[in-house]
Each structure stands twice: as C-alpha cells, then as structure tokens.
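The values are calculated or read from the model by the stated rules, or taken from the named source; none is laboratory data. Please read all numbers here as calculations on a predicted model, not as lab measurements. Neighbour counts are summed over all protein chains in view; Cβ atoms, including those assigned to glycine, are modelled from backbone coordinates with ideal geometry.
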Amino acid sequence: MATLQRFQFSYGSDNYGVLLHDTDTGQTACIDAGDADAVMNALEQQGWSLSHLLITHHHGDHTAGLGAVKSATGCQVIGPHPVSQPIIGIDQHVGDGDTFQFAGRAVNVLHTPGHTADMINFYFPEDKLVFTGDTLFSMGCGRLFEGNAAMMLNSVNKLKALPHDTLVYCAHEYTATNARFAMAVDPDNVALQQRSVEVTRLRAAGEATVPTLLQLELQTNPFLRTDNPQLRQSLGMDTADDVSVFAELRERRNQY
C-alpha cells in the first residue's frame with residue numbers, strides 16, 4: 001500500500017485544510033471545505049482529482065465550500081450524523097466506531113463532542129494519521145460551544161489513547177497562543193519550555209506548526225495532562241478530579 005501523500009493548505013485567517021492522495025488508486029480526499037476556492041486551488045496545484053470530502057463538523061469555516069466543491073468534483077461527502085445542525089450535501093453519515101474505506105485502507109471514525117455535538121475525527125491507523133478538526137489543537141483544545149468539560153475530556157481521552165507516534169492534523173493555527181497559555185499554567189514543564197522556543201521560531205519564519213506528534217502533545221498540551229501532579233500543583237488543584245481540572249483549564253484559556 002502506497003503511503004498517502006499529504007498537502008496542507010491555509011484559508012481564512014487561521015484555518016487549515018488537508019489533501020490526502022493515494023498514488024496507487026489515484027483517489028484524493030480533502031478534510032473539510034471551509035473555502036471552495038482554497039480547496040480547488042490546492043487540487044489544481046497538486047494535479048489531483050478529488051474523490052472524497054471528509055467533514056468534521058457543521059461550523060461554516062469547515063463547510064461553507066462543501067456544495068461548490070461537490071458540484072465541481074462529484075466527490076463523495078462523508079460527515080457526521082445531524083445531531084446538532086444538519087450539513088447539506090453529506091452522502092454518507094458516520095458516527096463513533098464506524099469504519100469506511102478510502103483508497104484501500106480503513107478509516108476509523110471517532111465521535112468527539114464538546115466543541116460541537118456533531119464533531120467527528122478521522123483516524124487512519126495504517127498511515128498513523130488523525131484529523132482532529134476543532135477537538136484537539138496543537139497544545140490546546142476547542143472551545144465548548146455545544147458540550148461541557150466532562151464531554152470534552154472524554155473526547156480528548158479517545159485521542160490520548162491512540163498510538164503515541166500518530167501524526168495529529170488540527171484545523172487551526174493557534175499554536176503560538178496555546179504555547180503561551182500552556183507556559184502560564186505549566187511553567188516548570190521542560191519539554192514545554194523547549195517546544196515553546198521552537199514554535200516561536202517557526203512562526204517568526206512564517207512556517208506552520210501543524211501537524212504535531214501525539215507524543216509531543218502528551219508531554220506539552222495541558223488539556224491532555226489533567227492527571228499530571230506538576231500541572232495540578234501549579235493550578236492549586238492537587239486533589240481535584242480530572243473533570244474539574246479540565247474545566248478550570250478551559251475557563252482560563254477562554255479568558256487568556
């Protein structure tokens with residue numbers, strides 16, 4: 001099986017889309033379609049023809065271009081069940097534990113509600129890739145628009161349980177701000193200190209900080225470290241339960 005070729009492209013103020021291309025079958029998938037022109041330009045730039053469009057959730061910066069991209073390419077659109085707002089144009093609805101085929105490989109669906117009720121993530125186990133939408137960010141997580149802290153903690157724990165060498169593609173370039181916040185709540189974390197320097201370097205050079213490695217997130221992302229004694233001590237929450245720690249972190253990040 002050929003390794004999936006990947007092409008990440010930006011749109012809007014800080015969004016990322018990703019094209020996945022299999023050279024054996026010629027099939028190409030796109031993660032989300034917030035901007036039809038950006039998707040079509042990326043396809044043209046790579047010389048690929050779109051066969052699948054994978055939608056993570058209903059927010060407009062992930063779906064606004066769906067109709068135009070589908071009309072232009074005839075692609076199959078796979079996305080979440082309409083548990084919050086329906087998404088017009090989905091051909092196949094999928095939910096937690098579902099698996100579908102793309103280019104001869106299995107894609108596993110993780111339902112990760114919290115940011116929205118319909119949020120799903122796409123995990124490619126054979127390629128060690130996961131596309132987390134607005135659930136897990138590089139050193140952060142999504143705001144809780146349609147869920148609560150307990151729900152989101154359960155969702156990020158699903159991602160936390162994936163193999164540590166999984167490459168994480170998230171949908172926004174929030175890493176620099178997330179790093180500053182992480183340093184504020186976890187200042188004695190040496191791995192975080194080192195990573196923060198690297199993030200500053202990358203952004204100063206105009207380079208993307210996404211994708212990221214799950215192992216790195218486990219070491220530096222406070223939202224994956226609610227059980228860490230050092231972080232808990234920094235928050236003054238040594239004996240609190242994980243949900244309370246997560247809720248405190250999310251509220252502090254909201255105000256940061």
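Somewhere in the range 114-129, is a residue of a type in the set (Lys, Arg) and more than 18 Å from His21 (Cα to Cα)? Scanning the range 114-129, I find no residue that is of a type in the set (Lys, Arg) and more than 18 Å from His21 (Cα to Cα), so the answer is no. For the range 174-205, taking the residues that are of a type in the set (Asp, Glu) and either more than 19 Å from Arg250 (Cα to Cα) or surrounded by fewer than 20 Cβ atoms within 10 Å (Cβ to Cβ) (or both), the one that is nearest to the chain's Cα centre (by Cα) is identified as Glu198. Take the conditions within 20 Å of the chain's Cα centre (by Cα) and aliphatic (A, V, I, L, M) and apply them to Leu231. Does it pass? No, not satisfied. Gln101 fulfils the conditions (1) out of contact with any Cys (no Cβ under 6 Å at 6 or more places or on another chain); (2) under 13 Å from Leu54 (Cβ atoms); (3) buried (at least 21 other Cβ atoms within 10 Å of the Cβ) except for a single criterion, (3).
Matching residues to (1) surrounded by 23 or more Cβ atoms within 10 Å (Cβ to Cβ); (2) over 29 Å from Glu217 (Cβ atoms); (3) not hydrophobic (A, V, I, L, M, F, W, C):
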position	(1), (2), (3)
Ser49	no, yes, yes
Gly89	no, yes, yes
Pro113	yes, no, yes
Phe122	yes, no, no
Pro125	no, no, yes
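If you go through the range 111-128 and keep only what is assigned to a strand (DSSP E or B) and touching a Pro at 6+ places or on another chain (Cβ under 8 Å), you end up with His111, Ile120. One residue stands out among those in the range 57-76 that are buried (at least 21 other Cβ atoms within 10 Å of the Cβ) and among the hydrophobic types (A, V, I, L, M, F, W, C): the one that is nearest to Leu144 (Cα to Cα), which is Leu66. Listed by position, the helices (runs of 4 or more DSSP H) contained in the range 142-256 that have at least 2 residues being under 22 Å from Gly114 (Cα atoms) and at pLDDT 95 or above are 149-160, 175-185, 214-220, 242-255.
The set of residues in the range 13-32 that are within 20 Å of the chain's Cα centre (by Cα) and surrounded by 14 or more Cβ atoms within 10 Å (Cβ to Cβ) comprises Asn15, Tyr16, Gly17, Val18, Leu19, Leu20, His21, Thr28, Ala29, Cys30, Ile31, Asp32.
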